[in-house]
1. Determine, yes or no, whether residue 104 is free of Cβ contacts under 8 Å to residues at least 40 places away in the same chain and of a type in the set (Lys, Arg).
2. List the residue pairs whose Cβ atoms are under 6 Å apart, where the first residue sits in region 75-99 and is over 17 Å from residue 11 (Cα atoms), the second is of a type in the set (D, E, K, R) and outside any helix (DSSP H, G or I), and the two are 6 or more positions apart or on different chains.
3. Assuming residue 24 fulfils every condition listed in (1) at negative phi; (2) small (Gly, Ala, Ser); (3) not in a helix (DSSP H, G or I) apart from one, which condition is it?
4. For region 43-61, give me each residue that is assigned to a helix (DSSP H, G or I) and surrounded by 14 or more Cβ atoms within 10 Å (Cβ to Cβ).
5. Looking only at region 62-103, count how many residues are assigned to a loop (DSSP other than H, G, I, E, B), under 23 Å from residue 51 (Cα atoms) and not aliphatic (A, V, I, L, M).
6. Restricting region 35-74 to residues that are of a type in the set (S, T, N, Q) and within 11 Å of residue 15 (Cβ to Cβ), which is farthest from the chain's Cα centre (by Cα)?
7. Under 9 Å between Cβ atoms, which residue pairs at least 6 apart in sequence (or on different chains) link something in region 42-62 that is free of Cβ contacts under 8 Å to residues at least 60 places away in the same chain and charged (D, E, K, R) with a partner that is assigned to a helix (DSSP H, G or I) and loosely packed, with under 12 Cβ neighbours inside 10 Å?
Amino acid sequence: MSADTSQRRVVLVVDDEPFIRINAIDVLTDAGFDVLEAADADEALEIIATHSKIGVLFTDINMPGSMDGLDLARRVHSMRPDIHLILTSGKVRPNVEQIPDSGKFIGKPYQERQFVALVQAAFA
């Protein structure tokens, strides 16, 4: 990866399930992305506040805590409209109107190739 941070492709992965979060991080790292991680929405907002180079938020919808992934996506879109949104869930399937800023959705379990292609498209 280039030392020029303006060329970095940074993804923030948010999931309360450690195994699922680590798997997503491994897949993205292997695909050449820089990855940050958070276990819930509050932790994600703290990271976003201190990392200006995040280009994609990849978040689970169903999470415990002060807000779920849809609420997190709405909050991030209002704070940082430059961040592309990709949501995932194995329980709910939001319609396009529910995801801010033409964000994308991928159902769990997802194919790794499909997941990486969705993230790559967000940076294109």
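Values quoted throughout were computed directly from the atomic coordinates according to the rules given, and no laboratory measurement underlies them. Because the structure is predicted, anything quoted here is derived from the model rather than measured. Ideal geometry is used to build each Cβ from the backbone, glycine not excepted, and the neighbour counts take in all protein chains shown.
1. Details: free of Cβ contacts under 8 Å to residues at least 40 places away in the same chain: yes; of a type in the set (Lys, Arg): yes.
Yes; evaluated as a whole, the condition is true for this residue.
2. Here the result reads 90/108, each pair linking region 75-99 to a residue that is of a type in the set (D, E, K, R) and outside any helix (DSSP H, G or I).
3. (3)
4. Residues of region 43-61 assigned to a helix (DSSP H, G or I): 43-50.
43, 44, 45, 47, 48 - these are the residues of region 43-61 that are assigned to a helix (DSSP H, G or I) and surrounded by 14 or more Cβ atoms within 10 Å (Cβ to Cβ).
5. Of region 62-103, the ones assigned to a loop (DSSP other than H, G, I, E, B) are 62-68, 80-83, 90-95, 99, 103.
In the following step, the residues that additionally are under 23 Å from residue 51 (Cα atoms) were identified as 63, 65-68, 80-83, 99, 103.
Applying the additional criterion that residues be not aliphatic (A, V, I, L, M) yields 65-66, 68, 80-82, 103.
Of the residues in region 62-103, 7 are assigned to a loop (DSSP other than H, G, I, E, B), under 23 Å from residue 51 (Cα atoms) and not aliphatic (A, V, I, L, M).
6. Going residue by residue through region 35-74, those that are of a type in the set (S, T, N, Q) are 50, 52, 59, 62, 66.
Next cut, within 11 Å of residue 15 (Cβ to Cβ) only: 59, 62.
Details: 59: 4, 62: 13 Å.
The residue in question is 62.
7. Short answer, once both residue conditions are applied: 53/5; 53/6.
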